[in-house]
1. Under 7 Å by Cβ, and 6 or more places apart or on different chains, what pairs join a residue from the range 98-114 that is without any contact (Cβ under 8 Å) to a residue 12 or more places away in the chain and closer than 17 Å to residue 125 by Cβ with one that is acidic (Asp, Glu) and open to solvent by 60 Å² or more (accessible area, probe 1.4 Å)?
2. I'm told residue 88 meets every condition in (1) open to solvent by 70 Å² or more (accessible area, probe 1.4 Å); (2) modelled with pLDDT of 75 or more; (3) over 23 Å from residue 130 (Cα atoms) except one. Can you identify the failing condition by its number?
3. Consider the range 1-45. How many of its residues are outside any helix (DSSP H, G or I), closer than 20 Å to residue 96 by Cα and at pLDDT below 70?
4. Output yes when any residue across the range 49-59 is among the small types (Gly, Ala, Ser), at pLDDT below 75 and in a loop (DSSP other than H, G, I, E, B), and no when none is.
5. If you go through the range 107-121, how many residues are surrounded by fewer than 17 Cβ atoms within 10 Å (Cβ to Cβ) and among the aromatic types (Phe, Trp, Tyr)?
Amino acid sequence: DALRYTGKVGLAASEEEADPMLVEEAFGSKYVAVFDPLDGSSNVQAAVATGTIFGIFKQNVECLVDDDDENMDDDQTRCLLNALQPGRSLVAAGYCMYSSSTVLVFSLGDGVHGFTLDPRSQEFVLSHDDVRIPERGPYYSFNEGNAKEWDAHVRG
């Protein structure tokens, strides 16, 4: 609901919803928001960290879609397809982690910056300026669940 009242986001989409959500209060807006909970959201009762990843795209077409999903015309379908843009079209992206502290990390395309929620002022304060991946680290991890799909050189 927070995005609904900014007047800036006209379309929002999440893996948690079957269809993108049109924001009626923001017809003619310039942005599409996509977001999804990070793994762990189903384990809140176990006191593990949870979070949300998000991306912001510019809308390619103006969205005016009726509530009747069954009879959408081509323009209305194109409007909903705004939520399926490639990553290179992002104007902003990031994640927020909720645990013993709340951390918001995002990029507007020129650097990555992290902010931590100050519980006293209820404001995010810059805590990680110009975040970078080290050239070498002590470990490397990946998801082996897709190993069968990897190129033979990657499988080794």
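The values are calculated or read from the model by the stated rules, or taken from the named source; none is laboratory data. If you're wondering where the values come from, they're calculated on a predicted model, not measured in any experiment. Here the Cβ is made from the backbone with ideal geometry for all residues, glycine too, and neighbour counts use every protein chain on show. The accessibility values were calculated without ligands, DNA or RNA, using every heavy atom of the protein model including side chains. Shrake-Rupley method; radii C 1.70, N 1.55, O 1.52, S 1.80 Å.
1. Taking only residues 6 or more apart or on different chains, not a single pair turns up.
2. (3)
3. 3
4. Step one: filter the range 49-59 for residues among the small types (Gly, Ala, Ser), giving 49, 51, 55.
Checking the rest, the ones that are also at pLDDT below 75 come to none.
Within the range 49-59, not a single residue is among the small types (Gly, Ala, Ser), at pLDDT below 75 and in a loop (DSSP other than H, G, I, E, B).
5. Qualifying residue count, the range 107-121: 0.
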